Every structure is written in C-alpha cells, then in structure tokens.
1. How many of the residues making up region 91-116 are assigned to a strand (DSSP E or B), more than 19 Å from GLY136 (Cβ to Cβ) and either small (Gly, Ala, Ser) or under 12 Å from the mean Cα position of the chain (by Cα) (or both)?
2. Does VAL42 satisfy the criteria of being in contact (Cβ under 8 Å) with a residue 60 or more places away in the chain and among the aliphatic types (A, V, I, L, M)?
3. Which one of these does PRO88 not meet: (1) farther than 19 Å from ARG10 by Cβ; (2) in a strand (DSSP E or B)?
4. Taking region 16-56 as the search range and keeping residues that are modelled with pLDDT under 95 and of a type in the set (Gly, Ala, Ser), which one is surrounded by the most Cβ atoms within 10 Å (Cβ to Cβ)?
5. Would you call VAL59 within 15 Å of the chain's Cα centre (by Cα), under 21 Å from SER105 (Cα atoms) and surrounded by fewer than 17 Cβ atoms within 10 Å (Cβ to Cβ)?
6. Return yes or no: is ASP111 among the charged types (D, E, K, R) and more than 26 Å from ASN152 (Cα to Cα)?
Amino acid sequence: MRLNGSPIFRLSGKVEFGNDLIFTSHTRYNMVGIYKPCSVCVLPNASLKIGNNSGFSGVSIYSANSISIGAYCNFGGNTSIWDTDFHPIDFNMRQKDDNPTILTSPIVIGDNVFIGANTIILKGVSIGDRSIIGAGSVVTKKIPSDQIWAGNPAKFIRNL
C-alpha cells in the first residue's frame, strides 16, 4: 500500500486490503484539487474489502454495513462512498439520536471501474465491471457493467 500524504483510518470491523493500493491525501501528489485527506471508517460489525491495484484521491469511505470494491478501480478526487444514511429519516428519531433506526445497505463496486472526481456513491448501490461514472455524479441505484453514467442523480449515458 502506498500512502501519499496522511490518510485517516478508523477500522473497527472486518477489513481486507488488496495489494498495491494507493491512497493520495494531498495536492502535492495529485493536482486535481483534493479538499481533504483520504478517510476510511469501518464500524464494528461492518466490512470493507478492496481488491488489488486500486487508487483513491481524497476519498471518504464509510462502512456501517458492507462495502466491496474490486481490483483495478480508480476513484477521482473527493469521491464519497457511504453505505449508510448517517441519521434516521424520521425527525423524532433524529431528536433522540436513535441509531438503530439508521438505514444501511451494502455497496458493491466491480473490477476496472472508474469513478470521476467529486462523485457520491450512496447505500445499496452496485456498479458493474468496467463501468465509468462521470465527475460530480450522485449514484443512487444499480449501474450495469460496461456503461457510462453521469449526473445528479446519475443517469445512463451510453454503453461502452
């Protein structure tokens, strides 16, 4: 694993890191305009698996359930991958800070996926092998293999 800059890791759950990963946390190493260091949080009873040869710049990965990222994936600057809503939907539960009511759902990202800068990948999403997500997208649903999607919310652009 190569760490360019100083990423932040809080790993309480099950974590599997592949070989030859790169976490870039400073514009000294990537001039795309990284706003923050890479941060990776895996809560107790959650999991994170990242395949070989993947790269991340200023990424935020937060696993309260399960996140699986394939091999040879590239994540543009400031991408966020969150498998949780972080807060309850119901305002009464937010007032009580009722954590058991927070919704989570696994994320699965296939092999050879490219994610453009400033993209947000939300809970329950799967992205198929070799797909591309355009910069600034918000991904809210399943993306098949070999497709390009972009926008907010992300929409189909074309097949590869």
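1. Looking only at region 91-116, we keep the residues that are assigned to a strand (DSSP E or B), and these are 104, 107-109, 114-115.
Next, from what is left, pick out any that are more than 19 Å from GLY136 (Cβ to Cβ): 104, 108.
If we keep only those that are either small (Gly, Ala, Ser) or under 12 Å from the mean Cα position of the chain (by Cα) (or both) too, we end up with 108.
Number satisfying all stated conditions: 1.
2. Numbers: in contact (Cβ under 8 Å) with a residue 60 or more places away in the chain: no; among the aliphatic types (A, V, I, L, M): yes.
No: the conditions fail for VAL42.
3. (2)
4. Only one residue fits best here, namely SER25.
5. On the way: within 15 Å of the chain's Cα centre (by Cα): yes; under 21 Å from SER105 (Cα atoms): yes; surrounded by fewer than 17 Cβ atoms within 10 Å (Cβ to Cβ): no.
Here the answer is no, as VAL59 does not meet what is asked.
6. Details: among the charged types (D, E, K, R): yes; more than 26 Å from ASN152 (Cα to Cα): no.
No.
The values are calculated or read from the model by the stated rules, or taken from the named source; none is laboratory data. A quick note: this is a predicted structure, and the numbers were derived from the prediction, not measured. FYI the Cβ positions are ideal-geometry reconstructions off the backbone, even for glycines, and counts take in every protein chain you see.
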